[in-house]
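The values are calculated or read from the model by the stated rules, or taken from the named source; none is laboratory data. Here the structure is a predicted model, which means the values were calculated and not measured. Every residue, glycine among them, receives a Cβ derived from its backbone with ideal geometry; neighbour counts consider all protein chains shown.
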Amino acid sequence: MERAIRVDKGWSWRTFFLQWEWLLVLIFIAVNVVNSTLSPYYLTLDTFLSTPQTFLDMAFLVMPMTMVIILGMIDISVASTAALAAVIMAVCFHAGLPMPLAVVLNLAVATACGLVNGILITRFKELSSVIVTLATMIIYRGIAYVILTDQASGDFPKWYSSLGWGSVGKVPIILIAFAICAVVFGVLLHKTSFGRRIYAIGNNLTAARYSGVKTDAIIVTVFVLTGLMAGFTSLFLTSRMGSTRPNVAQGYELSVIAMVVLGGVSTSGGKGRIGGPLLAIFIIGFLNYGLGLVNIQAQSLLIIVGLLLILSVLVLNLRFRGRAQRSVPSAPKPVDSSEPTKRIP
Amino acid sequence: MKRAVSLSESFREIGLLAFIVILCAIFQLRNHNFLTLSNIRDLLTNTAILSILSVGMMMVILTRGIDLSVAATIALAGMVSALTVNSFRAISPVLSILEGMAIGTVAGALIGLLIARFNVLPIIATLGFMNIIRGLTYVVSKGAWVSAYQMSDGFKAIATGNVLGVSNPIIIAVAINLAFFYFINHMKTGRQIYAVGSNPEAADISGIPRRRIIFLVYVVQGALAGLGGVIWVAKFASAQSDTAMGFELSVIAATVLGGVSIAGGSGKVSGLILGTILFGILNNALPLINVSPFWQQAIQGLVILAAVLTNVLVKRNSQRFALRRRAI
């Protein structure tokens, strides 16, 4: 598959406004316009501050997933990781572990899950990340079932529930945490050599390795980060729900991947920015909220997320294909047969 | 060279067979009712749907693809055929089967179109369609169930009937496996599936219609999933929106366990059948020896991981062996 080398042509109005992100901004505005016609109470500051509390827990997965997909890989074990971490946290808390330590344990378990993924993927390069994370997805969820069977576990201390529902002034804590993580991941991906290397690996793993990029270390780091962020997701999710079960966060992996792809990150790797996925989180979140306003059942959201995923991949594929074709130098014009050809004696 | 390869390939089948025998022996020791005729028949009947779908999954994986939408297709095809039976009780079972397969075919064709024509990654396309189809199942059924009393006896007989003591699902599964064996080993299109998977560029250059093959593979997988859906609903005599939730993982697991390489282009029908049976035993026999059903998922996952990792290690070993043979 040929890839066009993008030469930075400097800044111009045209290229600035032709970015994918602007399309997302338009969609976001459209969703909000529709929502505000549905409910007269919609357009208030409170809506925009409180609604994110209901969907932002997933957002912590979107950022590392963006990195994973830019690497040209995929991680479908994230939801299971979050479930396992939450279950272990709950069980250890009820076994007498103080809650702050249980929270740390949650993050440690999730990070360990990510580490296992990363090690398997880099040690067994013949295997695609799809199959490795598919297997670990089943294993992590399976372990969660072994530990907690079909029980729910809750009764966390009061301060813990403020993680999901509390706010500083009027701004929810989860929104602040999200903003901090977004900035950290934005800087990591776009302003550090670590980020540049992720793009290099996504564009061409072999070339990156031969150029001296420690590809294995970078890949493991990205998967460890993914695990850690799955831990954050499970913290906020458990706090919001007040209890946890082994089947918690089921299907998150799809929504997260859909958001990243909708955000303009190419699934073939090496392309995309963090801004798009971050916008996509809010598009799908508010879309979901609007569907709730008109009483459409939650299952219809499955169809919409699926369609959005497919449509955005289609549009992106066609767009990149168009660009690749344009970058190919035009073929020499065929020689006009009416013109006498010179004969070489 | 050729002998070394064939040795390591049959090594896998022998290994699987040995593993099945050992497993059966352990189960028999723990529970003396394990190796009875009726239990074996139950086990095979329960594995039949898995076997039908793993045939389709093998084709998909041979072309370097993956299909996560099969379980959703099972649910939709099963639900729609059950709803039809509920409205028109006199409908013939054959028509019900055809109806389910038609639904599956349409779903498979759409997925195939995305993957073959628009270069969407298989995992993304099927992940998206998994949700669209599952959502459609909810919409079609409005969240309600279709229960046993709403189905005609003829419809339920699709799965509960038998010919000479062998239940219908087993017969269908055996027929499909035989047809598949002939197709993939002795027909041109079947061989082209291997060619496309083992080297897409070379397949293109040799004039194999790569995109058409990939499209075909997903259509067949869809049709098989539709068939599986009808059998599933007839067997459990209940159609629900969350029928077969997570079953796609079992299908992939059985296929990978059978030695079909996830990198595409390699895998044998004999291995596939053994892998499916082994997986069927793990799925159905664990409760018999008092293993908690909550262990099932973790064990399945570990088995998949062990299977793919062994696959890689065996391959590495055989390559090293082949290299050593070439050394002077």
Original post:
Looking at A:D150, A:D155, which one is facing chain B (nearest Cβ under 8 Å), surrounded by fewer than 19 Cβ atoms within 10 Å (Cβ to Cβ) and either farther than 30 Å from A:K214 by Cα or under 23 Å from the mean Cα position of the chain (by Cα) (or both)?
Top reply: A:D150
Original post:
Of the residues that sit in region B:311-325 and are in contact (Cβ under 8 Å) with a residue 12 or more places away in the chain and either aromatic (F, W, Y) or more than 30 Å from B:A253 (Cα to Cα) (or both), which one is surrounded by the most Cβ atoms within 10 Å (Cβ to Cβ)?
Top reply: B:F321
Subject >> Filter pass, B:V140 being modelled with pLDDT under 90, over 19 Å from B:G264 (Cβ atoms) and buried (at least 22 other Cβ atoms within 10 Å of the Cβ) >> reply: no
Subject >> Residue in region B:79-96 that is modelled with pLDDT of 85 or more and within 25 Å of B:I277 (Cβ to Cβ) present >> reply: no
**OP:** Find the helices (runs of 4 or more DSSP H) located wholly in region B:198-267 whose residues include 2 or more that are crowded, with 24+ Cβ neighbours inside 10 Å and aliphatic (A, V, I, L, M), and list them.
**Re:** B:210-236, B:247-257
Original post:
In region B:97-124, what residues are of a type in the set (A, V, I, L, M) and within 13 Å of another protein chain (Cβ to nearest Cβ)?
Top reply: B:A107, B:L110, B:I111, B:L113, B:L114, B:I115, B:A116, B:V120, B:L121, B:I123, B:I124
Original post:
Here are B:L44, B:L37, B:L29: which of them is modelled with pLDDT of 80 or more and within 13 Å of B:I277 (Cβ to Cβ)?
Top reply: B:L44
**OP:** Specify which of the listed residues (A:Y140, A:Y145) is within 14 Å of chain B (Cβ to nearest Cβ) and in contact with a Phe, Trp or Tyr (Cβ under 6 Å, 6 or more places away or on another chain).
**Re:** A:Y145
**OP:** Report yes if B:V94 is touching a Gly at 6+ places or on another chain (Cβ under 8 Å) and away from chain A (no Cβ under 14 Å), otherwise no.
**Re:** no
Subject >> Count of residues meeting criterion [surrounded by 13 or more Cβ atoms within 10 Å (Cβ to Cβ) and part of a loop (DSSP other than H, G, I, E, B)] in region B:19-34 >> reply: 2
**OP:** Among what's in region B:304-324 and is among the β-branched types (V, I, T) and at the interface with chain A (Cβ under 9 Å from one of its Cβ atoms), pick the residue that is nearest to B:N284 (Cα to Cα).
**Re:** B:I304
Original post:
of a type in the set (D, E), in a loop (DSSP other than H, G, I, E, B) and farther than 30 Å from B:L323 by Cβ - does that describe any residue in region B:63-70?
Top reply: yes
**OP:** Would you check which residues across region B:140-160 are closer than 17 Å to B:A244 by Cα and free of Cβ contacts under 8 Å to residues at least 24 places away in the same chain and list them?
**Re:** B:A144
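Taking the residues in region A:83-105 that are in contact with a Cys (Cβ under 9 Å, 6 or more places away or on another chain) and under 20 Å from A:F60 (Cα atoms) as candidates, determine which candidate is surrounded by the fewest Cβ atoms within 10 Å (Cβ to Cβ).
Taking region A:83-105 first, the residues in contact with a Cys (Cβ under 9 Å, 6 or more places away or on another chain) are A:84-85, A:101-102, A:105.
With the extra rule that they be under 20 Å from A:F60 (Cα atoms), the set shrinks to A:84-85, A:102, A:105.
Numbers: A:L84: 32, A:A85: 32, A:A102: 22, A:L105: 18.
Per the stated criteria, the residue is A:L105.
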**OP:** Scan region A:126-142 for residues that are closer than 11 Å to B:Q300 by Cα and of a type in the set (V, I, T) and jot them down.
**Re:** A:T136, A:I138, A:I139
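Against the definition (within 14 Å of another protein chain (Cβ to nearest Cβ), more than 18 Å from B:I26 (Cβ to Cβ) and buried (at least 19 other Cβ atoms within 10 Å of the Cβ)), how does B:G301 come out, yes or no?
Values: within 14 Å of another protein chain (Cβ to nearest Cβ): yes; more than 18 Å from B:I26 (Cβ to Cβ): yes; buried (at least 19 other Cβ atoms within 10 Å of the Cβ): yes.
Here the answer is yes, as B:G301 does meet what is asked.
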Subject >> Any hit, region A:211-223, residues being away from chain B (no Cβ under 14 Å), free of Cβ contacts under 8 Å to residues at least 60 places away in the same chain and basic (K, R) >> reply: yes
Original post:
Is it fair to say A:L97 is more than 9 Å from chain B (Cβ to nearest Cβ) and without any contact (Cβ under 8 Å) to a residue 24 or more places away in the chain?
Top reply: yes
Subject >> Those helices (runs of 4 or more DSSP H) lying entirely in region A:195-303 with at least 3 residues among the small types (G, A, S) >> reply: A:215-241, A:275-293
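Taking the condition surrounded by 17 or more Cβ atoms within 10 Å (Cβ to Cβ), touching a strand residue (DSSP E or B) at 6+ places or on another chain (Cβ under 9 Å) and on the phi < 0 side of the Ramachandran plot, does B:V85 pass? If you could, list the steps in order and put the result at the bottom.
Working: surrounded by 17 or more Cβ atoms within 10 Å (Cβ to Cβ): yes; touching a strand residue (DSSP E or B) at 6+ places or on another chain (Cβ under 9 Å): yes; on the phi < 0 side of the Ramachandran plot: yes.
So B:V85 passes the test.
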**OP:** Taking the residues in region A:158-175 that are of a type in the set (V, I, T) and touching a residue at least 40 places away in the same chain (Cβ under 8 Å) as candidates, determine which candidate is farthest from the other protein chains (Cβ to nearest Cβ).
**Re:** A:V171
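Which count do you get for residues in region B:129-165 that are within 14 Å of chain A (Cβ to nearest Cβ) and closer than 23 Å to B:V70 by Cβ?
Number satisfying all stated conditions: 14.
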